[in-house]
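Bear in mind that the values in this text are calculations on the coordinates, not laboratory data. The shown structure was predicted, so the numbers you read here are calculated from the model rather than taken from an experiment. With ideal geometry, Cβ positions are generated from the backbone for all residues, glycine too; neighbour counts draw on all protein chains shown.
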């Protein structure tokens, strides 16, 4: 994302800076658009796809777990697809295709991955760029500067990306790429802003928005933010939302913030509007009334922001947005309440908007030492890590007569793990043993017998190990 330019107290300095900007804008020369393609040279030809699917990452890098899930859902688990990575600048060191390197290494079912580095707004009308994008099934926006992406509004590239989603493909990105995938974009075209600055003046000149670019189904009235906890961005998201409500940027008078933490945080959004959080926490923040004070050069006052904390494995239904499960925080004269990133929900809604999560506790390598998940509200999330090549994690569950349990596990790229569903005696009833590190596992079981039965979920290391967490989402129907 764009770095903040230095504030100047000198009018002359401001004028000189403006003149320099105009002169720079008048320079016709810029680096030519660059294209690097990995994989097959020919695109996949297929009549129908099963998306859309979206990945919203807290940092610029691809998150293997959500990228793999997006690829699998879009292709319906069969065949291959093509990916295009869009970047506003080339990497300054290392590989010239870092996103495609991760995608091709971690996600099965990728036919090709093409990186386009576009350095000018006019590149949005480059015919080869648009051909590659329209022939792709997933478009990933790299980290960097979202202002460069916002400059593509109204170009052919905007329509090309929209066509990918419309045909059942997907879109996503990290950091700046996360920002551009929301319908209300904090574009940082005037420079970046801190939480303290935004709360002190919600009309700070460094706060600017782009609207009317991408509007994905079920994701309306949202402003994305990234590096959320590490860079303490809750306050500025609150200010953005108050501005959106005050200025009428969000239809219906309510604006939603989605802040995703860096370090592997990624929000996956499926075609039905259900989001699942991976890796690190994310936050959904709602401003559903007019601010008490949001005017130029005055500090913000807003009472009762509703905040949902999404821990890894938890879910949030953006199609049917919850009215429970949130905690409340306010801002008074530019000063936010303490403990912005945690709180006790005002009401519980059975796992929606945060879910219920059980993290493994070692030793849990046998049925006798299994972590007890019998009291969890569903949907639930079971998390842990394969800390050795012989690690086994057991979780105890109960299933009433006639109910079906579905388990979907996102496995990190550090190891290959297999999933087993066992009866009370330890016999295997169902299993999922897909090959490859980072390959997800899933199974389902229906209890046909009367009464309630006791079962065990067994996650076993097959190859590799590491502390990176797997996330198993468990649902009952």
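Coordinate range of the alpha-carbon atoms in region 389-430 per principal axis, descending: 37, 21, 15 Å. Each of the peptides 220-226, 44-50 was scored by the mean count of other Cβ atoms within 10 Å over its residues; in descending order, highest first, they stand as 220-226, 44-50. With the simple model of a label 7 Å out from the Cα in the direction of the Cβ, residue 377 to residue 36 spans 4.8 nm. Once the gyration tensor of the Cα atoms in the chain is diagonalised, the equivalent ellipsoid follows with semi-axes of 40, 29, 18 Å, ordered largest first.
With contacts taken as Cα pairs under 8 Å and at least 6 residues apart, the chain reaches a relative contact order of 12 percent.
Remark: spin-label model distance residue 272-residue 401 equals 2.7 nm, labels positioned 7 Å along the Cα→Cβ axis. Here the gap between residue 232 and residue 332, fully extended at 0.36 nm per residue and compared with their Cα-Cα distance, gives a gain of 34.2 nm. In this calculation the C-beta distance from residue 389 to residue 427 is compared with R0 = 35 Å, giving a FRET efficiency of 0.90.
With the crude spin-label approximation of a point 7 Å out along Cα→Cβ, what separation in nm comes out for residue 450 versus residue 194? So the label points at residue 450 and residue 194 sit 6.8 nm apart. Between residue 158 and residue 48, the contour length at 0.36 nm per residue exceeds the Cα-Cα span by 37.4 nm. The convex hull of the Cα atoms of region 59-123, projected and averaged over all directions, covers 5.0 nm². Computed across region 292-404, the Kirkwood radius stands at 17.1 Å (inverse of mean 1/r, all Cα pairs). At an R0 of 56 angstrom, the distance between the Cβ atoms of residue 289 and residue 80 translates into a FRET efficiency of 0.70.
With R₀ fixed at 22 Å, the C-beta to C-beta distance from residue 342 to residue 467 puts the FRET efficiency at about 0.45.
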